[in-house]
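The values are calculated or read from the model by the stated rules, or taken from the named source; none is laboratory data. The structure presented is a predicted model; accordingly, all values stated were derived computationally and were not measured. All Cβ positions, even for glycine, are placed from backbone atoms using ideal geometry, and neighbour counts span all protein chains on display. Calculation scope for accessible area: heavy atoms of the full protein, side chains included, ligands and nucleic acids excluded. Shrake-Rupley method; radii C 1.70, N 1.55, O 1.52, S 1.80 Å.
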Amino acid sequence: MIQITNRLLSNYYNLMHEAKVNIKDKIHDIISVSLQRAISEGKLPEADYPVIKVEYPRESKFGDYSTPIALESAKLIKRSPMEIGEILKSYISENSGLISEVDLAKPGFINIFTSLEYLKNNMLEIVKIREKYGRQQKDNPVKYNIEFVSANPTGPMNVVSARAAALGDTIANLIEANGDIAEREFYINDFGNQVNLLGRSVYARIKELKGEQSDFPEDGYHGEYIKDIAQWIIKNHSEELNKLENDDVKSAYAADKAIEYNVSGQKKDLEDFKVIFKTWFRESTLHNRGEVVKALETLEKNNHIYIEDGKKVFRSTVFGDDKDRVVVRDDGRPTYLMADIAYHFDKLERGYDQLIDIWGPDHHGYISRLSGAVQALCSKENIFRVLISQQVNLIMEGETVKMSKRLGNFSTMRELIDEVGVDVSRFFFIMRSMDSHLDFDLALAKKNSSENPVFYLQYAHARICSIFKEAEKRGIKIKPEISTLENLNNNEAIVLLKLLAKFPEEISDAAMTYEPHKISTFLLRLAQSYHRFYAEQRVLSDDESKTQTNLALCDAVRITIKNGLQILGVTAPESM
RNA sequence: GCGCCUGUAGCUCAGUGGAUAGAGCGUCGGACUUCGAAUCCGUGCGUCGGAGGUUCGACUCCUCCCAGGCGCGCCA
């Protein structure tokens, strides 16, 4: 126990010199050290204390942070919560800088107030480090691979893909801001039946356009865009096409060109959506390089495969699946699952610490079999995580239009970007928790008013920029260093300072839980508090010290909003 | 039948097992000779889908039920 105490104390002292750690973590460590000291000095008994939780009290009068540790350990050590709280409080109070007051409240909460001095210094830090505020650096970053969108290369992307794109990219941004490494990856299913079908559909349209007789496949792709592809091939690749022997070869060629056409279209749409993938991984390369066979052999070697009626079956029930899954058909062709297993095997071999996939809601049933395969191939626990991005309902004039490829009416991602713009689309897609079925209100998205949260947020940023322009016009030179505590001692400013200080822990929290909507919620609160500050406090005045303090605060808010928006992939305009 | 997601204010949604359940929109009423009124202030709004259970304490965890959505191929 004494060893533990020493270790915690040394952590504590390290933390005092480590500026990157957020306040919540610091407070956690202070409480932890206090507890250990109380134990080592005999004030509290040795015991297996519960994990120390640091939470935000509901009401500000209860402080900025609070811990229920006294409540939670009361039964364990047979002392009253208030008694324990009193002891811990005396140790927690013994620190300088961060904490201004420790309060013990009724049933046994220990409430902690951060000092205005600390918050002011944090504000000056923001103004100094600017775009780096909220970004952590780690000595040993975790390397993530995050695969998302991965839409079939058989046509344009729909609105569900757009949501996945916004979510995946934002989660990757969060991971990077949190000091880790995120590589964005897109998987192209350019193999198998659907490709064959795509080729035959396109080739049939080519024939039709040339006035020849065609037999359009019954279960083929009927969309209008297939005709566009046919037209494109006729215009650019007729010569090569004509050289080919028979219809089968020509269909295969058409499939190849159609995929090229579709993938480059998808890439363009995603780039316009500000999503840049590091890797575009083609399923066909797995088959060509023999990786599918290799993954199969690895599974076989570890006894995860058995043979039934000439088929090879993966024992996925061992990993919680409803039934075992066929991975190789009796004619020797691997199933889609087998290729997907090989794909994830490939990702594992590329040496990531963590694999994340974002899938649509229609694939949740697929999780157990694939994660089972990953477990079968990799000894590391929890290396693979699937996030399900729920469905999107487009609301037009109060009417819900369901987005599904199976229904005929699929709106494309391109239409959406053209219609409401990148900023608004991205924001709307991430502003709700990804578990919730999103109602995307098109009328609201197109409004340039306070009803639209994106504009509300951007307005706060533009408003601050405008103040700085005005300050420049008045010949005011910016000197944040002369800011005083006295000038910050008003409710509106204090609320802002506290929110600003929370930004790094909001990022870290959102990154670790893969919940980008926490950032949009936070930014809206910040913008709201800023508008309140603006309404109550005059920024520019004859009082130089007051003016400089206010400008520093405004600048810190502007920087934080901008950094937050950047993570969301939304612009922060200087004027609107 | 089985699995996943959802159910919180009129609407859209926040809400790590903690203190009196919150915000925006919408309603109604106020605030600009002054840094952007695309803003702010005030106002009302609840059997947290229902019933049990777990415990010091449940919107949160467990079980059952109800409602809505999605999925349950050797397709991809």
Output the qualifying pairs, or none if there are none: Cβ atoms under 7 angstrom, residues six or more apart or on different chains, first residue in segment A:455-471 and modelled with pLDDT under 95, second residue near RNA strand B (Cβ under 6 Å from one of its atoms) and small (Gly, Ala, Ser). A:Phe455/A:Ser449; A:Tyr456/A:Ser450
From the list A:Asp331, A:Asp321, exactly one residue is surrounded by 13 or more Cβ atoms within 10 Å (Cβ to Cβ) and at pLDDT below 95. Which is it? A:Asp321
Could you please give the count of residues in segment A:171-211 that are assigned to a strand (DSSP E or B), closer than 20 Å to A:Ala151 by Cα and β-branched (Val, Ile, Thr)? 1
In segment A:266-292, what residues are surrounded by fewer than 18 Cβ atoms within 10 Å (Cβ to Cβ), of a type in the set (Val, Ile, Thr) and in contact (Cβ under 8 Å) with a residue 40 or more places away in the chain? A:Ile276, A:Thr279
If you go through A:Ile494, A:Ile559, the only one that is within 27 Å of A:Ala172 (Cα to Cα), β-branched (Val, Ile, Thr) and within 31 Å of the chain's Cα centre (by Cα) is A:Ile559
Please work out which residue is farthest from RNA strand B (Cβ to nearest atom), limiting yourself to segment A:141-162 and to residues that are at pLDDT 95 or above and not in a loop (DSSP other than H, G, I, E, B). A:Lys143
Residues to consider are A:Ile507, A:Ile519, A:Ile559; find the one that is within 13 Å of RNA strand B (Cβ to nearest atom), β-branched (Val, Ile, Thr) and closer than 21 Å to A:Gln137 by Cβ. A:Ile519
Restricting to segment A:72-88, give me the number of residues that are buried (at least 18 other Cβ atoms within 10 Å of the Cβ), within 21 Å of A:Glu59 (Cα to Cα) and under 38 Å from the mean Cα position of the chain (by Cα). 1
If you take the residues in segment A:347-364 that are assigned to a helix (DSSP H, G or I), in contact (Cβ under 8 Å) with a residue 12 or more places away in the chain and open to solvent by 20 Å² or more (accessible area, probe 1.4 Å), which one is farthest from A:Tyr514 (Cα to Cα)? A:Leu348
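What number of residues within segment A:366-383 are of a type outside the set (Ser, Thr, Tyr), within 16 Å of RNA strand B (Cβ to nearest atom) and in contact (Cβ under 8 Å) with a residue 24 or more places away in the chain? Break it down stepwise before answering.
Initial filter on segment A:366-383 (of a type outside the set (Ser, Thr, Tyr)): A:367, A:369-370, A:372-378, A:380-383.
Narrowing further to those that are within 16 Å of RNA strand B (Cβ to nearest atom): A:367, A:369-370, A:372-374.
Among the residues that remain, those that are also in contact (Cβ under 8 Å) with a residue 24 or more places away in the chain are: A:369-370, A:372-374.
The number of residues fulfilling the criteria is 5.
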Consider segment A:540-554. How many of its residues are open to solvent by 10 Å² or more (accessible area, probe 1.4 Å) and of a type outside the set (Gly, Ala, Ser)? 5
